[in-house]
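Here is the structure we will look at, set down as structure tokens.
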Amino acid sequence: MHIKLKNNVRWVGQIDTELRQFHGSDYSTHRGSSYNSYLIEEEKTVLIDTVWLPFADKFVKNLESEIDLKKIDFIVANHGEVDHSGALVALMEKIPETPIYCTAKGVDSLRGQYHKEWNFKVVKTGDSVDIGNGKSLVFVEMTMLHWPDSMATYLTGDNILFSNDAFGQHYASNTMFNDAADQCELYEEALKYYANILTPFSSILKRKLEEVLALNLTFDIIAPSHGVIWRDNPLQIVEKYAAWCDNYQENQITIAYDTMWDGTRTLADAIAAGIHEADPQVAIKVFSISKTDKNDIMSEVFKSKMLVLGSPTVGNDMLDSVAGFIHFLKALKMKHKKAASFGCYGWTGEAPQKIKEALEKAGLEYVDEPFRHNWNPDSATLLEAREFGKRLAKA
Ligand code: FEO
């Protein structure tokens, strides 16, 4: 399937409806994904990015059905990660001398992964290549958005930004354009993508957005490397990113817990009731960490002003599911979020305090005191948990 974006620019990528896990099994893709590759045919013929390795042969075959591969004057590799560069090996076997434009770090990445000495052309921010008919490609380094090698490419004349991972979503949509997509699904996936992949780089992104917007370029289309293409008011996703990278939060509190014999789970519900009693307007999301997808919980934490985390005590510590969740949270470097902890215990009861220490190390602002209860909560304890929830709502 090839789709026209504008004039002589076509999408030549791969939709992956069946994908359910990405980055190994680190990121859930409930709605699949796509690997977006673009073909520009002006006086020069240019291919922007390729697709993931399992689709390499299909990609090359499809491309061959569209054009004589020898007509490709050069390839732009905006990013070396294998979901975009995976088909390069199969393609370069057919056209081995074709130049590949990428950043210096892109050369490191592609050499390191594929061990090939291709005809690399290193570019940096502001470099441009004339592709004829009054159009050129301008390169913008996007260092650490989200890899050291990442860059974006802007097509003058057609005003298309090939943004690679930025502004993408793991969202398989055969409609391929934002105006034709289900808006709830689209924004759920766009936010999940930002929260789970780009959050650690928010301060870099903030500076980069300011830098790019200061160029006063016109953006008719923003064409990312995953998901749908932004052609209807493309700046809407830029505005969202500007909000998301600026310590984003909504009026929401997330309670996440794991439990062994339902004691900690019962406390979670009582704390939620207390929060609601003190502030009926705040959205409260309650999740079992072991029964809910971690990326989905993290999207909700990203939207929250506070995370309340619970675990029973096992071996003088929290459950490993909770420890793993905090490990992931720490890597995301979320800022300006409050936190609290709770848990039931039978013997020693260290988990809520250990969670407190781990959350502080993860950069969250701990409020109140760890709430814990020995053995199963009775009605008096549930009232205390409710009061705890009320205090958290007011914290
Ligand atoms: Fe979609 Fe960083 O690769």
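With the dipole of the chain worked out from charges on the C-beta (+1 for Lys and Arg, -1 for Asp and Glu) around the Cα centre, which of 146, 272, 177 lies farthest toward the positive end?
Ranked along the dipole, the leading option is 272.
Run the numbers for residue 95 and residue 333: contour at 0.36 nm per residue of separation, minus the present Cα-Cα distance, in nm.
Here the answer is 81.4 nm.
May I ask you to give the percent of accessible area on segment 3-244 that is carbon plus sulfur, with a probe radius of 1.4 Å?
Summing carbon and sulfur atoms, their accessible area is 49 percent of the total for segment 3-244.
Per residue, how large is the accessible surface of the chain? Use a 1.4 angstrom probe and give square angstrom.
That works out to 42 Å² per residue.
So how far apart, in nm, are the two label points at residue 305 and residue 395 if each is 7 Å from Cα heading toward Cβ?
Going from the residue 305 label point to the residue 395 one covers 1.3 nm.
For q values of 0.08, 0.09, 0.11 Å⁻¹, compute log₁₀ I(q)/I(0) with the Debye formula on a Cα-only model of segment 3-244, without solvent.
-0.26, -0.33, -0.51
Could you report the accessible area of residue 4 in Å², rounded to 10, computed with a 1.4 Å probe on the protein chains as they sit in the structure?
130 Å²
Any chance you could get the radius of gyration and Dmax over the Cα atoms of segment 252-394, in Å?
13.4, 39
Compare 97, 277 by solvent-accessible area with a 1.4 Å probe and give them largest first, with all protein chains kept in place. Before the final figure, lay out the partial values.
Working: 97 140, 277 90 Å².
If we order 97, 277 from most to least accessible, we get 97, 277.
Tell me which of 164, 119, 25 sits at the most positive position along the dipole axis of segment 3-244, charges placed on C-beta atoms (Lys, Arg +1; Asp, Glu -1).
119
Take the residue pairs 285/330; 291/338; 285/354; 116/294; 6/333; 121/206 and return only those whose Cα atoms are more than 30 Å apart.
116/294; 6/333
Taking the Cα atoms only, what angle lies between the long axis of helix 320-332 and the longest principal axis of the chain, rounded to 10 degrees?
Roughly 50 degrees, rounded to the nearest 10.
I need the GluC sites (Glu not before Pro) found in segment 177-276, filtered to DSSP loop residues with at most 15 other beta carbons within 10 Å of theirs. It would help to have the intermediate numbers written out before the result.
Details: sites: 185, 188, 189, 210, 211, 239, 250; in loops: 250.
The qualifying sites are 250.
Could I have the simple spin-label model distance between residue 130 and residue 367, label points 7 Å from Cα toward Cβ, reported in nm to one decimal?
Spacing of the two 7 Å Cα→Cβ label points: 6.1 nm.
What is the helix-to-structure angle for 294-303, meaning the angle in degrees between its Cα long axis and the longest Cα principal axis of the chain, kept from 0 to 90 and rounded to the nearest 10?
Helix 294-303 sits roughly 80 degrees off the main axis of the chain.
With unit charges on the beta carbons (Lys and Arg positive, Asp and Glu negative) and the dipole taken about the Cα centre of the chain, which residue among 238, 199, 15 sits farthest to the positive side?
The residue sitting farthest along the positive end of the dipole is 199.
Between residue 116 and residue 182, what's the calculated FRET efficiency when r is the beta-carbon distance and R0 is 45 Å? Round to 0.05.
So the FRET efficiency works out to roughly 0.65.
Only four residue types carry charge here, +1 at the Cβ of Lys and Arg and -1 at the Cβ of Asp and Glu. Report the dipole size of the chain about the Cα centre in Debye, rounded to the nearest 20.
Numbers: 42 positive and 55 negative charges, 98 e Å.
My answer is approximately 460 debye.
What does segment 1-120 give for Rg and for Dmax, in Å, if only its C-alpha atoms count?
In order Rg, Dmax, the Cα atoms of segment 1-120 give 14.1, 42 Å.
Tell me which residues come under 5 Å, amide H to amide H, from residue 366 once H is placed; ignore anything under 5 positions away on its chain.
339
Once both labels are modelled 7 Å past Cα along the beta-carbon direction, what's the residue 174-residue 250 spacing in nm?
Distance between the two pseudo-spin positions: 3.0 nm.
Largest first, what is the accessible-area ranking of 375, 118 with a 1.4 Å probe?
I get 375, 118, largest accessible area first.
What is the projected area of the convex hull of the Cα atoms of segment 314-381, averaged over all directions, in nm²? Kindly include the intermediate steps, with their values, before the conclusion.
Details: hull surface 19.2 nm².
Averaging across all directions leaves 4.8 nm² for the Cα convex hull.
The values are calculated or read from the model by the stated rules, or taken from the named source; none is laboratory data. Note that the structure is predicted; figures quoted are calculated from it, not measured. Cβ sites come from the backbone with ideal geometry, for glycine too, and all protein chains shown count toward neighbours. Calculation scope for accessible area: heavy atoms of the full protein, side chains included, ligands and nucleic acids excluded. Shrake-Rupley method; radii C 1.70, N 1.55, O 1.52, S 1.80 Å.
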